[in-house]
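What follows is a short report on a single structure.
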Amino acid sequence: MKTRVGIVGPNDSVEIMKDIAKEFEDQMTPVCFEYKNSIETTEIVEKNQHIMDIWIFSGQTPFSLAKKSSSNQLFFYLSLDGSSLTKTLLNIVYNSTNDLRNISFDMMEEHDISETYRFLNISYEQCHLYEYQGVTPINQIIEFHSMLYNKGKVSVCVTSLSDVYEALSSQGIPVYRVTPTLANIRSTYTSALQQWEALNFKQSQLTVMLISIDNINKIEKPHSFSYDIHRLNLELQSAVLTFTESISGSFLSIGTGTFIIFSTRGSLRNAGDQSVRLLDSLSLITDFPSNIGIGYGDSALAAEENARLALLHAQNYNSNSAFLVENNGTVKGPLNKSKSISFEFRNVDEEIGNKLKECGVSITSFNKIMSVQRNLGKHAVTAADIAEWLKMTERNARRLLNNLTDAGIAKIIGQEAPATRGRPRNIYQVGLDYLSTAPE
């Protein structure tokens, strides 16, 4: 099935983009939306998002305006670079006697302009640039150019915006419009279609959710034991079934208080929020602790294995928590907490693996510590940090950090005073030379 691509921009840009789109007719169906003013972009996307797969905009301004819509689709825009600018400067030289050393520009990257001028061996010092600062009122950009021209500081203006071009032209100001090259349009189409294909593949990955309610068999009412368990299990099953319906999945009860859901990654759009919603529903039914493990995989077996691993991490972490294991083995969680980490449970560095074996620290523990250090954003941790994030005693965290230090995988870089009385706490940097190669 061909990708439906919404093409948005002024008439002249859309015509060129539509013409190049013919080269991709076996992959995409272009649907063109022309505007007279870029401010119309938000409404165009809002009204037509349900019939489009992805969007490509003629420039950064309509791209930014599209971001204001409620659409969460893939957005792309044609960028301007040195090749686009060189084409415009040659056009100025060919059609006028204007001095290229006195030009006002807008919406371009300064390094693209300076590099182009350097390549052409022309001084850029007397040129002026209106740098892009998010969605900017068109009138401000028009005023920027017209003021410089009327004061004699520039002899010609170069804009990337059709609105600005029309306004300056109507004032009799020499103005040229810089537009993307045909090569840029082709590369944008290629990149957009590749990303859409990759997203589709990812969204179609199988997803398995394992839900476990612990201690459900410990209801202590001897005379009605069986009935109470079954009633509770039916209530829990109903809540899980309702959730399964909301994500278009299939549901199976695999024992008292244990359920499995099969779905796709695309249906489970936000695993964290979805997990919280299900855990909240279960907590209204029973006080017994619930945990969720989510696994992604290219096959049902791989997804289920990852879900079981995720559930094990959730149960070891705390009650009423959810973890996720990606198809590449990355563990993420707890999904329902603000302090969530992402780590690998495998290691591909033989040297680190040998050192970890020597000091008695597991690969998973090391990767968790590295993840906490990255999340703190200061390339350093204390035993208190590790204890808080990984739900362990501070004594155990200190033992792990000291073992890593003895093995040369960590070092003490300072101390900090505790909030209450006691000895100063060591501050560790974990990873050292391995920091840059640690899993993201």
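Here are the numbers for this structure:
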quantity: Charge-dipole axis of the chain as Lys and Arg at +1 and Asp and Glu at -1 on Cβ define it, positive-most pick from I113, P289, I92; calculated: P289
quantity: Cα lying deepest toward the dipole's positive end in the chain, options N215, V8, I141, charges on Cβ; calculated: N215
quantity: Gap separating the Cα centres of the range 224-263 and the range 280-331, nearest whole Å; calculated: 15 Å
quantity: Probe 1.4 Å, all protein chains present, accessible-area order of Y35, Y124, largest first; calculated: Y124, Y35
quantity: Solvent-accessible area of H230 with every protein chain in place, 1.4 Å probe, in Å² to the nearest 10; calculated: 110 Å²
quantity: Selection of GluC sites (Glu not before Pro), the range 110-163, meeting DSSP coil and at most 10 other Cβ within 10 Å; calculated: E125
quantity: Given 14 as the ceiling on other Cβ atoms within 10 Å, longest exposed-site-free region of the chain for trypsin sites (Lys or Arg not before Pro) in DSSP loops; calculated: 154-268
quantity: Full-stretch length increase - S248, N121 - with 0.36 nm per residue and alpha-carbon distance subtracted; calculated: 39.5 nm
quantity: Span from the the range 73-117 Cα centroid across to the the range 389-413 one, whole angstrom; calculated: 55 Å
quantity: Solvent-accessible heavy-atom area per residue, rounded to whole Å², over the chain at 1.4 Å; calculated: 52 Å²
quantity: Spatially proximal lysines relative to K378 (Cα-Cα < 16 Å; intrachain offsets below 8 disregarded); calculated: K339, K368, K411
quantity: Gain in span if fully extended, L182 to A300, counting 0.36 nm per residue against the direct Cα distance; calculated: 38.1 nm
quantity: Rounded to the nearest 20 debye, dipole of the chain from Cβ charges on Lys, Arg, Asp, Glu; calculated: 1340 debye
quantity: Inter-label distance, nm, simple model (7 Å from Cα along the C-beta direction), N139/K68; calculated: 1.5 nm
quantity: Label-point separation in nm, T393 to K87, each point 7 Å along Cα→Cβ; calculated: 6.9 nm
quantity: Sequence-distant lysines (8 or more away, or on other chains) whose Cα lies within less than 23 Å of K2; calculated: K18, K22, K47, K202
quantity: Under 18 Å from the Cα of K153 - aspartates and glutamates, other chains or at least 8 residues apart; calculated: D99, D106, E125, E131, E143
quantity: Efficiency of FRET between D99 and K378 - r from beta-carbon atoms, R0 45 angstrom, step 0.05; calculated: 0.30
quantity: In nm, spacing of pseudo-spin labels at D19 and N150 (7 Å Cα→C-beta vector); calculated: 3.7 nm
quantity: Extension reserve of the S238-S114 stretch, reckoned as 0.36 nm per residue once the Cα distance is removed; calculated: 38.1 nm
quantity: Where only C-alpha atoms are counted, convex hull volume of the chain per residue in Å³; calculated: 226 Å³
quantity: Prolate/oblate/rounded label for the range 128-267 (Cα gyration tensor, a/c 1.5); calculated: prolate
quantity: Accessible surface of the range 258-325 [probe 1.4 Å, protein heavy atoms]: carbon and sulfur percent; calculated: 48 percent
quantity: Protein accessible area in the range 72-150, 1.4 Å probe - carbon and sulfur %; calculated: 47 percent
quantity: Where N is the number of residues in the range 50-176, Cα Rg divided by 2.2 N^0.38 Å; calculated: 1.14
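The values are calculated or read from the model by the stated rules, or taken from the named source; none is laboratory data. Keep in mind that what you see is a predicted model, and the values were worked out from it rather than measured. Neighbour counts run over all protein chains shown; Cβ positions are idealised from the backbone, glycine included. These area figures cover heavy atoms from the full protein model, side chains too; ligands, DNA and RNA do not enter into them. Shrake-Rupley method; radii C 1.70, N 1.55, O 1.52, S 1.80 Å.
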